[in-house]
Amino acid sequence: MWGEIEPCIKPDEGENVKSCDTDQRWTHSPDLQQKTALWGEIEPCTKPNTSGNCNKPAPQERCPPETDVKEAQNTTSYSPNLQDEPSSCLSAMIEAIAASGSPVKSQQLGEPDLTLEEKKGVLIDQYKSKPLVFLERYQAHLKPEHMDAFSHLSSDCRAQYYWKEIQRRASGSADRTRIRNHRYAALRALQKEGQYFSEEQMRVRDPLLYEQYIGQYLSEEDILQRSEEAMRNGPGGLADLLINSYQEKLIQNRLEEQEEREQCAVEESDEEECEEPRPAEWEPTAEEKAMLREEFLSQMHQRFLDGKDDFNYSEVDRNPDFDNLDIVSHDAEERYFDDDDQVEEEEEKEEEEEEEKEEEEEEEKEEEEEEKEEDEDMMQ
């Protein structure tokens, strides 16, 4: 009939059936009693099941990438695998910096200097706390073999820059050492095989230095002897005489130029300083002349090693024949010291001979005086 409410059929468990063209609804819950939802009532809401999404972390709870964490740790502290015991590379690096004399800590005036062990402790702490700052501060004292201690900073562009600087310095130092060793071996070869370091050739290369150490103390006999030796070393004849004359003229011209430059430098220094009385002319003894000659020879050797001679150094610096530097340098040094020993022995012999001569002369004088005294006694 009109106005009647049809009875609703109870649905089966788990079903949610709407019937009778009304808003009545059966709900089934183990904790709630069954009832009919009338008009105007608010149905109880069941909590949705979120078990399918429980494993997804919230966006704000996501962990940062592992690489970012590692980089952040590495730029602020040292590698974890070095915490327990320093590696041999790290120990060698700390030892080198501590022994270099570089200041590792600011100290007050009058405070005692740090011992070597204290310096090592300070350096270890600095390395552990801020390895990048440590690298920047002490990179001038580091060598390529120390770079393994900073392997955990390999992704940092600043560390890469300092690595390149250390490699560049090491490469330049090795090249300079190799070139100097090559030139040293070449110097010994020139001494043994040629006339490059003869007195005449050295005079041609630097006439002013020769004049200051040797030339100004030569007597006329020494100059004549020098000219005769130059003639004997040449092929002889008119052509050789003309060549020697022309070469001597070049030497004199160059000597005048060097003297003019030196005189200008002396005048400038005299204007800045107070004038002092110049010492009287000094005449060296034979022993002093020998010492001056040795000093001149030493300076000419150094001039050759420094690359100041008019010489094709590329034939020496890039010559693979001088690569076996250990053998070449060792042999050259042995010959050098052998020569020094021979010179010293000869000088000692000369000194002994001079002393013996002086003693003999004194004895002869004493004998002559005794004979004179005896003659005078006889006359009386």
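The values are calculated or read from the model by the stated rules, or taken from the named source; none is laboratory data. The model shown is predicted, which means the values in this text are computed figures rather than measured ones. Using ideal geometry, Cβ is built from the backbone for each residue, glycine included, and neighbour counts are taken over all protein chains shown.
Can you tell me which residues in region 115-136 are surrounded by 13 or more Cβ atoms within 10 Å (Cβ to Cβ) and touching a residue at least 24 places away in the same chain (Cβ under 8 Å)? Once the filter is applied, which keeps residues that are surrounded by 13 or more Cβ atoms within 10 Å (Cβ to Cβ) and touching a residue at least 24 places away in the same chain (Cβ under 8 Å), region 115-136 yields LYS120, LEU123, ILE124, TYR127, LYS128, LYS130, PRO131, LEU132, LEU135, GLU136. Screening LYS105 on (1) within 27 Å of ALA159 (Cα to Cα); (2) surrounded by 14 or more Cβ atoms within 10 Å (Cβ to Cβ); (3) at pLDDT 85 or above shows it passes everything except condition (2).
Among the residues examined, PRO112 qualifies as surrounded by fewer than 16 Cβ atoms within 10 Å (Cβ to Cβ) and farther than 26 Å from SER151 by Cα. Could you say whether any residue in region 297-320 is out of contact with any Pro (no Cβ under 8 Å at 6 or more places or on another chain) and at pLDDT below 80? Yes, region 297-320 contains a residue that is out of contact with any Pro (no Cβ under 8 Å at 6 or more places or on another chain) and at pLDDT below 80. Within region 297-310, residues that are farther than 16 Å from ARG188 by Cβ sit with their Cβ atoms under 9 Å from residues that are of a type in the set (S, T, N, Q), at 6+ positions apart or across chains, in these pairs: LYS308/GLN302.
When each of GLN167, GLN195, GLN160, GLN139 is tested for being touching a residue at least 12 places away in the same chain (Cβ under 8 Å), of a type in the set (S, T, N, Q), exposed (fewer than 14 other Cβ atoms within 10 Å of the Cβ) and part of a helix (DSSP H, G or I), the lone residue that passes is GLN167.
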